[in-house]
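**Q** Before I ask anything, let me first share the structure, which is written out below as structure tokens.
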Amino acid sequence: MHLTLRSPDDFHLHLRDGAMLQAVLPETARHFARAIIMPNLVPPVVTGAQARAYRDRIMAALPAGMSFTPLMTLYLTEDTDPEDVALAHADGIATAVKLYPAGATTNSHSGVRSFVKIRPVLERMAEIGMPLCVHGEVTDHDIDIFDREAVFIDRVLHPIRKSLPDLRVVMEHVTTENAVDYVRDHHHNLAATITTHHLIINRNHILAGGIRPHYYCLPVAKRETHRVALVEAAVSGDRRFFLGTDSAPHTDANKLLPCGCAGIFSATNTLSCLAEVFEAADRLDRLEAFVSRNGAQFYRLPPNDGTVTLTKGAPVTYPGQIETGVGPVTVFDPGFPLHWHVSA
Ligand code: NCD
Ligand code: ZN
């Protein structure tokens, strides 16, 4: 059985820098034509000039013979200059701006504490139609970690969207039925990315029968009913839902600690995993919309010219870990065999 799709895009990807970038970039570029590149480096990618330099480092790390277009984002801080953002957008250097509430996730300490302070940037972005990618979790210590996404929608996201209806917003890596419902019910300038792993794991995978750090990411996976809602959204064909893998490599040394890093690395086997999910839902015909069409449409990009072909066969073999110059990185284990082989 074969399935040929337009080359896919990953609308939420962490490539890191240096030796890690070198090792993980081919894992994505092998199958994906473009990706939205997260700016949470240390220090973060804040200005247009920093995004240009990071884009150059990504292109320099791309192995000869591979083609890939990084779509850069700017890390929104309380000091971000609206004019720098607008210029970077006009020059084609920055596709979107990324909002991290301060302290929400890996390398987010430079993120936003006061939403009043970023208002001028958001106003400028609304004027020029530049998308805002949002890490949708509140960071208040009194809010339970499993509720942080739902509370963010009520307290932060909805008020921002109401006061700036022209702002185009992508709710990143949604993990709850609440977020799916919110996106479904609010059509105006709103979309959401869904990761591969949140379509496959729930919180039991992390916590039942022993703690499994390689399934720990942020936002943390929720209960099964939420996972089911995410699958329904992904396979629905609804244009506002599309793939952002949030493939986020950390070395095993940094994952397997008393206080380990959040992030799941799924670039290596993401398309095979997704084909299994869509097949199990009897919706393989909607896979192309989710991975290759809906996101491009929201970002106002043309669909890619190339194709990838998925072929069903004997179980796919893939490495349990990939080697990087800074130590091994574990590849996402979906917990079931994969049968869809991808050829670009
Ligand atoms: C990401 C990372 O490691 O940069 N981690 C994660 O758990 N997803 C940051 C993020 O997207 O939240
Ligand atoms: Zn991420």
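The values are calculated or read from the model by the stated rules, or taken from the named source; none is laboratory data. Note that the structure is predicted; figures quoted are calculated from it, not measured. Cβ atoms come from the backbone with ideal geometry, glycine included; neighbour counts cover every protein chain shown.
**Q** Restricting to region 170-190, give me the number of residues that are more than 16 Å from ligand 2 (Cβ to nearest atom) and closer than 19 Å to Phe298 by Cα.
**A** Keep residues of region 170-190 that are more than 16 Å from ligand 2 (Cβ to nearest atom), which gives 176-178, 180-190.
Adding the requirement that they be closer than 19 Å to Phe298 by Cα leaves 180-190.
So the count comes out to 11.
**Q** May I ask you to say which residue of Thr106, Thr73, Thr69 is in contact with a Lys or Arg (Cβ under 7 Å, 6 or more places away or on another chain), under 23 Å from Pro249 (Cα atoms) and within 16 Å of ligand 2 (Cβ to nearest atom)? Spell out how you get there, then give the answer.
**A** Details: Thr106 fails: in contact with a Lys or Arg (Cβ under 7 Å, 6 or more places away or on another chain); Thr69 fails: within 16 Å of ligand 2 (Cβ to nearest atom).
Going through Thr106, Thr73, Thr69 in turn, the sole match is Thr73.
**Q** Could you please find all residues in region 256-267 being more than 10 Å from ligand 1 (Cβ to nearest atom) and either assigned to a strand (DSSP E or B) or of a type outside the set (A, V, I, L, M) (or both)?
**A** Here is the first cut: in region 256-267, the ones more than 10 Å from ligand 1 (Cβ to nearest atom) are 256-260, 266-267.
Listed by number, the residues that qualify are Pro258, Cys259, Gly260, Ser266.
**Q** Would you check if there is a residue in region 297-309 being more than 18 Å from the chain's Cα centre (by Cα), surrounded by 17 or more Cβ atoms within 10 Å (Cβ to Cβ) and of a type in the set (D, E, K, R)?
**A** Step one: list which residues in region 297-309 are more than 18 Å from the chain's Cα centre (by Cα), which gives 302-309.
Next cut, surrounded by 17 or more Cβ atoms within 10 Å (Cβ to Cβ) only: 304, 308.
Now drop any that are not of a type in the set (D, E, K, R), which leaves none.
Scanning region 297-309, I find no residue that is more than 18 Å from the chain's Cα centre (by Cα), surrounded by 17 or more Cβ atoms within 10 Å (Cβ to Cβ) and of a type in the set (D, E, K, R), so the answer is no.
**Q** I'd like to verify a number: residues in region 251-281 that are in contact with a helix residue (DSSP H, G or I) (Cβ under 8 Å, 6 or more places away or on another chain), within 15 Å of ligand 2 (Cβ to nearest atom) and within 22 Å of Phe298 (Cβ to Cβ), how many?
**A** Total satisfying the criteria: 2.
**Q** Please find, among Leu15, Leu5, the residue that is within 15 Å of ligand 1 (Cβ to nearest atom) and either farther than 17 Å from Thr196 by Cβ or in contact with a Ser or Thr (Cβ under 8 Å, 6 or more places away or on another chain) (or both).
**A** Within the list Leu15, Leu5, the selection yields Leu15.
**Q** So, one more: Aliphatic (A, V, I, L, M), closer than 24 Å to Glu149 by Cβ and either touching a helix residue (DSSP H, G or I) at 6+ places or on another chain (Cβ under 8 Å) or more than 16 Å from ligand 1 (Cβ to nearest atom) (or both): which single residue out of Leu62, Leu87, Leu99, Leu76 fits that description? I'd like the intermediate steps shown before the answer.
**A** Working: Leu62 fails: closer than 24 Å to Glu149 by Cβ; Leu87 fails: closer than 24 Å to Glu149 by Cβ; Leu99 fails: either touching a helix residue (DSSP H, G or I) at 6+ places or on another chain (Cβ under 8 Å) or more than 16 Å from ligand 1 (Cβ to nearest atom) (or both).
One residue alone meets the criteria, Leu76.
**Q** Tell me, please, whether a residue that is within 16 Å of ligand 1 (Cβ to nearest atom), more than 20 Å from Asn269 (Cβ to Cβ) and either within 20 Å of the chain's Cα centre (by Cα) or of a type in the set (A, V, I, L, M, F, W, C) (or both) can be found in region 20-28. Walk me through it before giving the result.
**A** Taking region 20-28 and keeping what is within 16 Å of ligand 1 (Cβ to nearest atom), we get 20-21, 23-25, 27-28.
Then keep just the ones that are more than 20 Å from Asn269 (Cβ to Cβ); that gives none.
No - not one qualifying residue is present in region 20-28.
**Q** Can we say Ala60 is surrounded by fewer than 18 Cβ atoms within 10 Å (Cβ to Cβ) and over 19 Å from Gln321 (Cα atoms)?
**A** yes
**Q** Still on this structure, I have one more. Out of all the residues in region 233-250, which are crowded, with 19+ Cβ neighbours inside 10 Å and more than 16 Å from ligand 2 (Cβ to nearest atom)?
**A** Matches in region 233-250: Ala233, Ala234, Val235, Asp238, Arg240, Phe241.
**Q** Whether any residue in region 255-263 is closer than 18 Å to Val174 by Cα, hydrophobic (A, V, I, L, M, F, W, C) and at pLDDT 95 or above is what I want to check.
**A** Yes, region 255-263 has at least one match.
**Q** Go through (1) touching a residue at least 40 places away in the same chain (Cβ under 8 Å); (2) of a type outside the set (Lys, Arg); (3) surrounded by fewer than 24 Cβ atoms within 10 Å (Cβ to Cβ); (4) farther than 26 Å from Leu230 by Cα one by one and return the number of the condition Thr105 breaks.
**A** Looking at each condition in turn, Thr105 falls short on (4).
**Q** Of everything in region 29-56, what is out of contact with any helix residue (DSSP H, G or I) (no Cβ under 7 Å at 6 or more places or on another chain), farther than 20 Å from His173 by Cβ and more than 15 Å from ligand 1 (Cβ to nearest atom)? Give them in sequence order.
**A** Scanning region 29-56 gives Ala29, Arg30, Ala33, Val46, Ala49, Gln50, Arg52, Ala53, Arg55, Asp56.
**Q** Output the residues belonging to region 20-49 that are farther than 25 Å from Tyr100 by Cα and among the small types (Gly, Ala, Ser).
**A** Selection gives Ala23, Ala29, Ala33.
**Q** For Gly136, indicate whether it is within 14 Å of ligand 1 (Cβ to nearest atom) and surrounded by 22 or more Cβ atoms within 10 Å (Cβ to Cβ).
**A** Yes, satisfied.
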